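Here is the structure we will look at.
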Amino acid sequence: MSVVNSHTEAVEPNLIDYDALLSTFSWNEAYKDFDGLPNGGGLNIAHEAIDRHAAGLLKDHVAIRWIRKDRAAKDFTYHDLYELSNRFANVISRLGVGKGDTVFTLTGRIPELYVTAFGTLKRTAIFCPLFSVFGPQPIYERLSRGEAKILVTTLDLFTKKIKPVIERLPALQYVLITDTESHADKKVLSLPLLMAKESSTFTIPPTQKEDPALLHFTSGTTGMPKGALHVHGAVLTHMITGKLVLDFHPDDIYWCTADPGWVTGTSYGIIAPLVNGVTNIVDEAEFDAARWYSILQDHKINIWYTAPTAIRRLMRMNIDPAKQYNLEHLRLILSVGEPLHADAVHWGEDTFGVPILDNWWQTETGGIMISNYRNMPVRPGSMGKPLPGIEAAIAEISADSLSIITEPEKSGQLVLKRGWPSMFKTYLHEEERYQKCFRGEWYVTGDLARRDKEGYYWFVGRADDIIKTSGHMVGPFEVESTLMEHPAVAEAAVIGKPEPTIGEMVKAFVVLKPGNAPGEQLEMDIIAHGRKKLGPAVAPKEIDFVDSLPKTRSGKILRRLLKARELGLQEGDLSTLEQP
Ligand code: ATP
Ligand code: MG
C-alpha cells in the first residue's frame with residue numbers, strides 16, 4: 001500500500017514535458033541564466049554558487065545547515081559563506097597559490113571543507129577533496145599525483161595520515177590545520193589564525209569556462225583510480241540537473257548523503273544545491289538508519305539524494321519509517337552509483353509514498369547524464385532517459401571505430417556525444433588513456449546498456465564485468481536483480497568463473513536476509529529460482545553464501561576482487577576498499 005504524501009502534489013515539477021524540452025534545449029541558451037563575473041570577467045563556480053546569492057535576495061538564506069556528530073545544527077547563510085570563502089581565498093593567495101595550483105582537503109564533512117572548496121575556486125586554483133577514511137598510502141598517492149600545493153586537514157588526520165608521508169611530498173608547501181590555534185612550524189599552520197587575519201572581501205580574477213576547477217579520483221571499482229579533471233563551465237550541468245532532475249524549488253531543504261571525496265558529494269553535495277539557491281544539509285556522521293530518518297524528519301527535508309547501498313541497508317532494517325517518523329515533507333528521493341534494483345524502487349514507493357528516481361553518471365561526466373524525472377513514469381530497474389542536452393546512444397565499438405546500434409533492446413556500449421559542459425578534460429597524467437575513451441565525437445563510457453522501444457535506458461553491466469558463457473554475453477545486473485527477487489536474498493554479486501566447456505560459468509555470491517541460514521537446500525532453491533527466471537544458460541550454477549560483499553568506500557560492489565579471490569589471482573589496487 002502506498003502512503004499518501006501531500007507535499008508531493010503541492011509542488012509542480014520543473015520539468016513538465018520531457019519530449020518538448022528535449023527538442024528545444026540548448027546549452028548556449030542555458031548559459032544565459034548565469035550571472036557571470038562583473039565586467040565580463042567570465043564564469044566562476046563560486047560566484048554562481050555563493051556571491052551572486054549573497055549580493056541578492058538570498059543573502060540571509062541558509063546555504064548550509066551543518067549537523068554535527070552530536071546532532072547540534074549550525075547554519076551558514078549565503079552571506080556567511082561569501083565572507084568565509086573570501087577569507088580563505090585571501091589566505092591561499094598570501095601563501096602563493098595561483099591559478100591552476102591544487103588545494104586538497106582531507107577532512108570529515110566539516111564547514112572548513114566547504115569554505116575551502118569555494119575559496120579555492122575563487123582563487124582559480126583546483127579543488128580536490130579526499131575521503132578522510134583513506135589510509136596514508138592512498139592519500140599519499142593522490143596528493144602526489146595531484147601535486148598538492150596546499151592541504152587543509154585536522155590535527156588528528158595530520159598526525160595519523162600525513163606526518164608519515166609528508167617528506168615524500170615535495171610539492172606540498174603548506175598544511176593548514178582546521179582545529180589548532182597556533183602555527184606548528186613554517187609549513188604546518190593554523191587555519192583559524194590565518195583566516196582571522198584576512199579581509200572578508202576578495203575580487204575573483206577573470207575565469208574562463210575552460211579553466212580547471214575540480215579534480216576527482218574515480219571509485220577504483222575496475223582498477224587503479226583515475227584523476228578526472230573538470231572545469232568551471234561544469235557548473236552549467238550542475239545548475240540544469242539541479243532544476244530538471246533534483247527539481248529544486250525556492251526554500252527547498254535538500255540532503256545529499258555522499259561524501260565530497262566522491263564526485264557526487266561535490267557536484268551534488270556542494271555545487272548544485274547552492275547554485276540553485278536552496279538549503280543544503282551536511283551531516284558530519286556516517287550511515288546510521290535511525291539518525292538518517294530523524295534528520296529527514298527533524299530538518300523537514302524535501303529532496304534526498306542517496307545511493308543503492310544505503311537504500312539496501314535501510315530495506316534490511318527492522319524500521320518502518322512511515323509509521324515511526326513524520327516524513328511528510330519528503331517530495332523526492334534520488335539514487336546514483338550502482339544499479340537500483342526494481343524491488344528497491346517498489347520499496348521506496350510503498351514506504352515513503354514518493355518514487356526513488358535512479359540516475360546514471362560517472363566521475364568523468366561530472367554530472368547526471370541519464371535519469372528518471374519526477375513527471376515521467378518510472379520503469380523500475382531502468383536508469384531513465386538522457387538529460388535534455390545530452391545525446392546518448394548504444395554502440396558497438398572496436399579499437400578505433402564505433403557503430404551506433406539503432407535497434408531497440410540490443411545491448412552495447414553506452415556512449416555519449418562529446419561536448420556537454422561538465423565533460424572531463426583529461427585523466428591526470430594519463431592523456432593517452434583519456435584520448436582512448438573517444439571514438440570521433442563519441443565518449444565511450446565503459447558501461448554496457450540497452451535502450452527499450454520508448455527510449456528508457458537499462459544498465460547491463462560494466463564492460464569489464466561482462467560474463468561470456470556458452471556463447472551468451474551475460475550482464476551481472478540482470479542476474480543479480482533476479483537473485484534479489486528471491487525472498488531470502490539481501491544482496492548478490494555475480495562473476496564469470498573460467499570453465500573449459502562453456503567459456504565462463506556464472507557464479508554468484510549471496511548475502512542472506514536476517515533469519516535465513518545458508519545451506520545446500522537454500523542454494524538449490526535460489527539456483528532453481530534463477531533458472532526459472534533467466535533460463536539455464538544465464539542462471540548461476542554455483543552460489544557462495546557470504547556475510548558481506550567487498551565494496552568500494554563509495555558503495556560499489558568490487559566484482560573484480562571477488563573474481564581475483566575466486567581464481568587466486570593478484571587482488572590489484574585496493575585503496576578504495578571499504579573495511580568491514
Ligand atoms: P573506476 O572508474 O575507478 O573503476 P567507478 O567507475 O566505480 O570506478 P565512479 O565514476 O564513481 O567510479 O562510478 C561510475 C560508475 O558507477 C558508472 O560507470 C557505472 O558503472 C556505475 N553507476 C553509476 N550510476 C549507476 C546507475 N544508476 N546504474 C548502474 N550503474 C551506475
Ligand atoms: Mg569508471
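The values are calculated or read from the model by the stated rules, or taken from the named source; none is laboratory data. Bear in mind the structure is a predicted one, so any value in this text is a computation, not a measurement. Because the Cβ atoms are built from the backbone with ideal geometry, glycine has one as well, and the counts that use them run over all protein chains shown.
Observations
- Restricting segment 30-53 to residues that are among the acidic types (Asp, Glu) and in a loop (DSSP other than H, G, I, E, B), the residue that is modelled with the highest pLDDT: Asp35
- Test: Val415 is crowded, with 20+ Cβ neighbours inside 10 Å and closer than 29 Å to His232 by Cβ: yes
Listed here are the residues, each with its yes/no results for (1) farther than 29 Å from Ala55 by Cα; (2) within 16 Å of ligand 1 (Cβ to nearest atom); (3) touching a strand residue (DSSP E or B) at 6+ places or on another chain (Cβ under 9 Å).
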site: Lys149; (1), (2), (3): yes, no, yes
site: Ile162; (1), (2), (3): yes, no, yes
site: Val165; (1), (2), (3): yes, no, no
site: Leu169; (1), (2), (3): yes, no, yes
site: Thr180; (1), (2), (3): yes, no, yes
site: Ala184; (1), (2), (3): yes, no, yes
site: Thr201; (1), (2), (3): no, no, no
site: Ala213; (1), (2), (3): no, no, yes
site: Pro225; (1), (2), (3): yes, yes, yes
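- Considering residues of segment 426-435 that are surrounded by fewer than 19 Cβ atoms within 10 Å (Cβ to Cβ) and touching a residue at least 24 places away in the same chain (Cβ under 8 Å) only, the residue nearest to the chain's Cα centre (by Cα): Thr426
- Residue in segment 229-237 that is within 16 Å of ligand 2 (Cβ to nearest atom), at positive phi and either of a type outside the set (Ser, Thr, Tyr) or not in a helix (DSSP H, G or I) (or both) present: no
- Lys149 being in contact with a Ser or Thr (Cβ under 9 Å, 6 or more places away or on another chain) and closer than 21 Å to Ala285 by Cβ: no
- Residue that is surrounded by the most Cβ atoms within 10 Å (Cβ to Cβ) [pool: residues in segment 155-178 that are assigned to a strand (DSSP E or B) and touching a residue at least 40 places away in the same chain (Cβ under 8 Å)]: Leu176
- Taken together, the residues in segment 214-227 that are touching a Phe, Trp or Tyr at 6+ places or on another chain (Cβ under 9 Å), small (Gly, Ala, Ser) and near ligand 2 (Cβ under 9 Å from one of its atoms) amount to 1.
- Of the residues making up segment 461-484, just one is surrounded by 16 or more Cβ atoms within 10 Å (Cβ to Cβ), more than 16 Å from ligand 2 (Cβ to nearest atom) and free of Cβ contacts under 8 Å to residues at least 40 places away in the same chain, namely Ile467.
- Residues of segment 399-414 satisfying the condition of being more than 16 Å from Met473 (Cβ to Cβ) and touching an Asp or Glu at 6+ places or on another chain (Cβ under 9 Å): Leu402, Ser403, Ile404, Pro408
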